[in-house]
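The structure appears right after this line, and notes come after that.
The values are calculated or read from the model by the stated rules, or taken from the named source; none is laboratory data. Note that this is a predicted model, so its numbers are computed, not measured. FYI the Cβ positions are ideal-geometry reconstructions off the backbone, even for glycines, and counts take in every protein chain you see. For the accessible areas, the whole protein counts, side chains as well, though only heavy atoms, and no ligand, DNA or RNA atoms are used. Shrake-Rupley method; radii C 1.70, N 1.55, O 1.52, S 1.80 Å.
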Amino acid sequence: MSPTSGVPGVTRHSLRRLAVCTLTAAVAVLPAGPALAGGGTLPAVHPRAETPPLRDDEAGGNADADDPAIWRNPADPDRSLVVATAKEAGLRVYDLDARLVQSVPAPPGPGADDAPGRFNNVDLVHGLKLSTGRADLAVTTDRGNDRLRVYRIDPTRPDRPLTDVTDPAAAPVFSDGQEEINEQRTAYGLATLTDRSTGRSYALVSQRERTRIALLELTPTARGRVGYRTVRTLDLPSAFRLPDGTSWSPCAEPGELPQVEGMVVDPDNGVLYAGQEDVGIWKLRADLTGAPKLLDKVREYGVPGTYDESTEECVAGADPGYGGTRLTADVEGLTLVQEKDGDGYLLASSQGDDTFAAYDRETGDANEYEGGFRVTPASAALDGSEECDGAAALNQPLGSRYPHGLLVVQDGHDAPGDGDPAVTNFKYVDLGDVLDALDD
């Protein structure tokens, strides 16, 4: 999100989270996978299309691209949709040509001095049984109001496919009242899952500036609305024992803990992958029972630092060499490329160096690192992806445009348009190109 600092490999955003703190939890660490063979350059793939630019200022509606989800129309795959968050500007719905179909505003705060709605992450639920019939849903975290918002996807309304079906009685996810909501330690990252044995659907929601993840069951009401209830929560570690016996925690402003945003659930084995932005990728049970394991670490893992109140920045110390080799903080959008027999990839956005890392989806192979790639410009008019926040992949045929599937990635610096205000959008990449790059 911020440009790089003067410290190689460390962004200003990650520097704010590099300080020495007291150890509060022990973690299990999985063995790392092999580095890129020969230390070569990562392959590049190019986008096929991009959505219209979003501008994060008053004139642009405070629109800031963040996280996408891909909905496949089973009756007509050519009319599939991309649903994406635009923060204070709510949701955007795009067609497969990346053209805008619908804008859904975020609701305001309850009072003039309260935080406005702010949609952070989005995911899909398929075939939830409502009183009005089964429906596919788009579920998003409203960080501004600390709630989930739920939208029914109606393919019979091509110009307005999303309809709000959120239960108006839905309570805040993490806050006890509006005063706490205004502090914005609220619903942030999101992943959904459906229990195949019971048909019940759930959302896993992370808390901003905290390490907490909540498991929420989605609860249909008698009037075709959808609410939710908390099943359980889990707190990931905020401090870590290093090999030299010292303890380390990512630096942050006073009171902040290393948060999670990017998450995805593997539906075949009930595994949740969660990206703790300045730490690495966690692997844990999606029902939030059992011990989480650290699948891979960011390069900055273990780098000491102190927070400078005068500059509101962190000053990094010497790198002790305990970090990983594939991810540069922040770890952001996580998504799955599902293949037959449980094969495929877990993809992660390495935001600090504008790359994507791919891990073997098969847990039996310890989620080995399989390589990476960049999304680079296709032409002077169609740029690539930088500082990617969110990503979504769908390995299913999507009509004539994307017969090999689609990868959608956020671009944190759409060009031409860099500067103030920030200009962002989403890039569409042929998933076949990504798989070819990883297979090379």
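Counting just the residues of the range 408-440 that are among the β-branched types (Val, Ile, Thr) and over 15 Å from Ala86 (Cα atoms), which one comes out surrounded by the fewest Cβ atoms within 10 Å (Cβ to Cβ)?
Taking the range 408-440 first, the residues among the β-branched types (Val, Ile, Thr) are 408-409, 423-424, 429, 434.
Narrowing the set further to residues that are over 15 Å from Ala86 (Cα atoms) leaves 429, 434.
Working: Val429: 27, Val434: 25.
The qualifying residue surrounded by the fewest Cβ atoms within 10 Å (Cβ to Cβ) is Val434.
Among the residues of the range 124-142, count how many are among the charged types (D, E, K, R) and open to solvent by 70 Å² or more (accessible area, probe 1.4 Å). Spell out how you get there, then give the answer.
Here is the first cut: in the range 124-142, the ones among the charged types (D, E, K, R) are 129, 134, 136, 142.
So of that shortlist, the ones also open to solvent by 70 Å² or more (accessible area, probe 1.4 Å) come out as 129, 134.
Summing the residues that are among the charged types (D, E, K, R) and open to solvent by 70 Å² or more (accessible area, probe 1.4 Å) in the range 124-142 gives 2.
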Members of the range 350-367 that are open to solvent by 50 Å² or more (accessible area, probe 1.4 Å), acidic (Asp, Glu) and not in a loop (DSSP other than H, G, I, E, B): Asp365
Where Thr325 falls short, out of the listed (1) surrounded by 18 or more Cβ atoms within 10 Å (Cβ to Cβ); (2) farther than 21 Å from Ala392 by Cβ: (1)
Of all residues making up the range 366-402, the number that are farther than 14 Å from Ala49 by Cβ and touching a strand residue (DSSP E or B) at 6+ places or on another chain (Cβ under 9 Å): 21
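In the list Asn121, Asn145, which residue meets the criterion of being touching a residue at least 24 places away in the same chain (Cβ under 8 Å), assigned to a loop (DSSP other than H, G, I, E, B) and crowded, with 20+ Cβ neighbours inside 10 Å? Explain how you work it out, then say what you get.
Working: Asn121 fails: assigned to a loop (DSSP other than H, G, I, E, B).
Answer to the selection: Asn145.
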Whichever residue in the range 333-366 is at pLDDT 95 or above and of a type in the set (S, T, N, Q) and, among such residues, is farthest from the chain's Cα centre (by Cα): Gln338
Meets criteria (of a type in the set (Ser, Thr, Tyr), at pLDDT below 50 and open to solvent by less than 50 Å² (accessible area, probe 1.4 Å)) for Ser80: no
Of the criteria (1) touching a helix residue (DSSP H, G or I) at 6+ places or on another chain (Cβ under 8 Å); (2) in a strand (DSSP E or B), which one Gly333 fails: (1)
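From the list Pro105, Pro53, which one is more than 19 Å from the chain's Cα centre (by Cα), farther than 24 Å from Gly352 by Cα and at pLDDT 95 or above? Steps first, answer last, please.
Details: Pro53 fails: farther than 24 Å from Gly352 by Cα.
The conditions single out Pro105.
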Complete set of residues in the range 417-440 that are more than 23 Å from Leu91 (Cα to Cα), in a loop (DSSP other than H, G, I, E, B) and free of Cβ contacts under 8 Å to residues at least 40 places away in the same chain: Gly419
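Check Gly390, Gly399 and return the single one that is surrounded by 22 or more Cβ atoms within 10 Å (Cβ to Cβ) and in contact (Cβ under 8 Å) with a residue 40 or more places away in the chain. Can you show your working first?
Details: Gly399 fails: surrounded by 22 or more Cβ atoms within 10 Å (Cβ to Cβ).
It is Gly390.
I need the strands (runs of 3 or more DSSP E) fully contained in the range 253-322, keeping only those with at least 1 residues that are in contact (Cβ under 8 Å) with a residue 40 or more places away in the chain and of a type in the set (Phe, Trp, Tyr).
On the way: elements: 260-266, 271-276, 280-285, 293-297, 305-308, 313-316.
In the range 253-322, the matching strands (runs of 3 or more DSSP E) lie at 271-276, 280-285, 305-308.
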Total residues in the range 148-166, condition surrounded by 19 or more Cβ atoms within 10 Å (Cβ to Cβ) and of a type outside the set (Phe, Trp, Tyr): 9
Residue list for the range 271-305, restricted to those being among the small types (Gly, Ala, Ser) and modelled with pLDDT of 95 or more: Ala274, Gly275, Gly280, Ala286, Ala291, Gly302
Every residue from the range 264-276 that is open to solvent by 10 Å² or more (accessible area, probe 1.4 Å) and not charged (D, E, K, R): Val264, Val265, Pro267, Asn269, Gly270, Val271
